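Asks: One structure, pasted below without further comment.
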Amino acid sequence: MKPRRSILSVPGHIEKMHHKAAVSSADVLMLDLEDSVPVDVKETARSQVIDSLQSMDWQGKTITFRMNALDTPFGYRDLLEVVETAGHLVDSVVVPKINDPGDVHFVSRMLDGIEMGRTTTRPLSIEASIETAAGMERVADIAKSSDRVCALVFGIADYQASIGARLVSISGHGEHEEDIYPGHRWNFAMSRMVMAAKASGLLAIDAPYGNFRDPDGLRRATAMSCALGFDGKWAIHPAQIDTINDMFSPSEEDIERAGRILEAAQEAEKKGQGAIAVDGRMVDQATVRLARQVWEQAVHLKLREP
Ligand code: COA
Ligand code: MG
């Protein structure tokens, strides 16, 4: 799978932004038909997304689209029309407000049918957006519900509304949270979702940071996502992409250290040694696994030769 550090959400009805997104540095572009699109232009947005998918050069980027939720009159039509006409041009569909495995089964069955009419396309993946109390309660079952699911996405704003938690900012986690709660109040929900994702071999993707003119806040919030095990984060503005890419990439220092650990571990193995010291710190098999993960990520991002 190609890197999915930054996912730029692009309103489906604004063609100008599609062009801007195509030349951006985002790993993934998500053409949005849901919450950035006003109700009275849902159909226009759907047609625009199909048109852009078919006519634009996306520069080899990973392309997804976000359909409307299944409890709206738009959701099933988004799936049907976009996938039927342009499904071969997208990598995955983001399904908002997944409440239980049945929601995934429904989408997956529809995709089965649409794809049966074709012979050449690879199966579309599903990104399940976890943004309700019901969805969070069933998150492990949702993660395991279909081979099509490739990622879980944390939809913080809707989740917050769903549980009735007090609003301190519209920026997702990281802005003024400590004013009303000591520590990080989304830790449980975020970690719960990451655990479910990783137990099923899926990516965990974090919600966007809404204050797009606050780079320090974005950096702080992204550091938290990285610390909790997320693989990527949504962006809502092109100005956020480079920070997110940077924070989800291993630093030169991390890669160098991982290289030293792997080399030392190889030497130790030859000599039949177990735990050893590198840079004055203990290195055992668990540390070697962590170092290998950093190295593989660096190779994946083409920061090192395999
Ligand atoms: N994708 C692509 N291009 C974008 C963009 C996005 N998400 N957000 C802004 N741009 C473009 C603007 O069109 C503008 O282009 P221009 O220089 O050619 O005119 C440029 O980036 C600078 O934008 P700016 O003027 O700073 O912001 P804005 O006031 O036009 O838009 C938002 C601010 C928040 C309305 C806009 O960023 C947006 O709609 N973001 C996406 C929201 C969304 O998808 N929400 C749902 C997911 S949570
Ligand atoms: Mg939402």
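The values are calculated or read from the model by the stated rules, or taken from the named source; none is laboratory data. Note that the coordinates shown come from a computational prediction; the quantities given were computed from them, not determined experimentally. Don't worry about glycine lacking a Cβ; one is built from the backbone with ideal geometry, like all the others, and counts go over all protein chains shown.
Asks: Kindly provide the set of residues from segment 122-152 that are over 16 Å from M190 (Cβ atoms) and assigned to a helix (DSSP H, G or I), ordered by number.
Replies: Scanning segment 122-152 gives A134, D141.
Asks: Sticking with this structure for a sec: If you scan segment 152-176, which residues turn out to be surrounded by fewer than 21 Cβ atoms within 10 Å (Cβ to Cβ) and not aliphatic (A, V, I, L, M)?
Replies: Selection gives D158, S162, G164, R166, S169, E175, H176.
Asks: What number of residues within segment 227-262 are among the basic types (K, R) and in the same structural domain as M193 (by TED's automatic domain parsing)?
Replies: 1
Asks: Kindly list the number of the only condition in (1) within 16 Å of ligand 1 (Cβ to nearest atom); (2) farther than 26 Å from D91 by Cα; (3) not acidic (D, E) that fails for F154.
Replies: The single condition F154 does not satisfy is (2).
Asks: Please go through segment 61-115 and pick out each residue that is more than 16 Å from ligand 2 (Cβ to nearest atom), surrounded by fewer than 18 Cβ atoms within 10 Å (Cβ to Cβ) and in a loop (DSSP other than H, G, I, E, B).
Replies: Passing the criteria: P73, D100.
Asks: Counting just the residues of segment 231-267 that are touching a helix residue (DSSP H, G or I) at 6+ places or on another chain (Cβ under 6 Å) and not in a helix (DSSP H, G or I), which one comes out modelled with the lowest pLDDT?
Replies: Result: P250.
Asks: If a residue must be surrounded by fewer than 21 Cβ atoms within 10 Å (Cβ to Cβ) and touching a residue at least 40 places away in the same chain (Cβ under 8 Å), how many such residues does segment 140-149 contain?
Replies: Here the count works out to 5.
Asks: Here is a follow-up. Taking only segment 13-58 into account, find how many residues are surrounded by fewer than 21 Cβ atoms within 10 Å (Cβ to Cβ), within 22 Å of the chain's Cα centre (by Cα) and within 16 Å of ligand 2 (Cβ to nearest atom).
Replies: 2
Asks: Could I ask something else about it? If I filter segment 193-206 for residues that are within 14 Å of ligand 1 (Cβ to nearest atom), over 22 Å from H105 (Cβ atoms) and touching a strand residue (DSSP E or B) at 6+ places or on another chain (Cβ under 7 Å), do I get at least one hit?
Replies: yes
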